[in-house]
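Values in this text are rule-based calculations from the coordinates and carry no lab data. Given the structure is predicted, the values throughout are model-derived calculations rather than measurements. Here the Cβ positions follow ideal geometry from the backbone for every residue, glycine too, while neighbour counts run over all protein chains shown.
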Amino acid sequence: MFLRSFRAFAFLTLSIVSCGIASAAEAGEEIGVFTDGLDGWSYNGGWEFKGAKGRASRMPDQGHNAPGSVRLSAEFGAGSSYVALTRRVDPMPLGELKFWVKPEGITGLDIRLTDSGEQTFQYEVRLEGGDEWQEITISPRTDSPKSHWGGLNDGKWGGEARAVWIMLSRRFCQGGAAGACLIDDIRLVPEK
């Protein structure tokens, strides 16, 4: 009797632990929750096209699920075409990039993902939820990039993610002069 009860308990415990591990893997690796800083993210001012004024600022009181997000903002009056929030990541077989965005005067974003062969893929994302929080998902194996360059330059995702760029582009700013967005809960979901 004791042995049968112990086996049932062990089976139940392993089942619960396995479900927890599967749920954590499906949720992915958080690379931007911004509760305590910029989580390794950096600002890029699109410096090859001089003229943009922008910044990436931590917003301690604003966030998607909890306080803390980053506000990416830009003014394009003097030229340029984009500003970005960028981060190198530990190599991971990437299934999806997921994050939440709250637009302020913008209708879209560009997303760049760089793979293990240093090929960069750029995706265009249209924002359709007004000024409310919206979840963005990019799947490099199934979504078609707007363009790609570097590395093998063959347009085929090379397995592991190495860098992520979230870009605020001039063409998505209403009126073309300025725009901003809050970004939060950025995660990389491993390939299944």
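Note on Lys192 and Ser81: the extension gain reaches 36.4 nm, defined as 0.36 nm multiplied by sequence separation minus the Cα-Cα distance. Rounded to the nearest 20, the size of the Cβ-charge dipole of the chain about its Cα centre is 160 debye, with Lys and Arg at +1 and Asp and Glu at -1.
Under 20 Å from a label point set 7 Å out along the Cα-to-Cβ vector of Asp61, the amide N atoms of segment 25-52 belong to 34-38. Note on the chain: the C-alpha convex hull projects to 13.5 nm² when averaged across all orientations.
Between Phe99, Phe34, Phe49, the residue with the greatest mean-square fluctuation in the GNM of the chain (Cα pairs under 10 Å linked by springs) is Phe49. Applying the criteria of a DSSP loop state and at most 10 other Cβ atoms within 10 Å to the GluC sites (Glu not before Pro) of segment 79-154 yields Glu128, Glu132. All distinct Cα pairs of segment 42-134 go into the 1/r average, and the inverse of that average, the Kirkwood radius, is 14.9 Å.
Against the main long axis of the alpha-carbon atoms of the chain, helix 2-27 sits at an angle near 10°.
Per residue, the chain reaches -5000 deg cm²/dmol at 222 nm when only DSSP H runs of four or more residues are counted, each adding -39500 (n - 2.57). Rounded to 0.05, the FRET efficiency of the Arg171 and Ser116 pair, given R0 = 22 Å and the Cβ-Cβ distance, is 0.15. Under 26 Å of direct C-alpha separation, and excluding same-chain neighbours fewer than eight residues apart, Lys156 reaches these lysines: Lys98, Lys146, Lys192.
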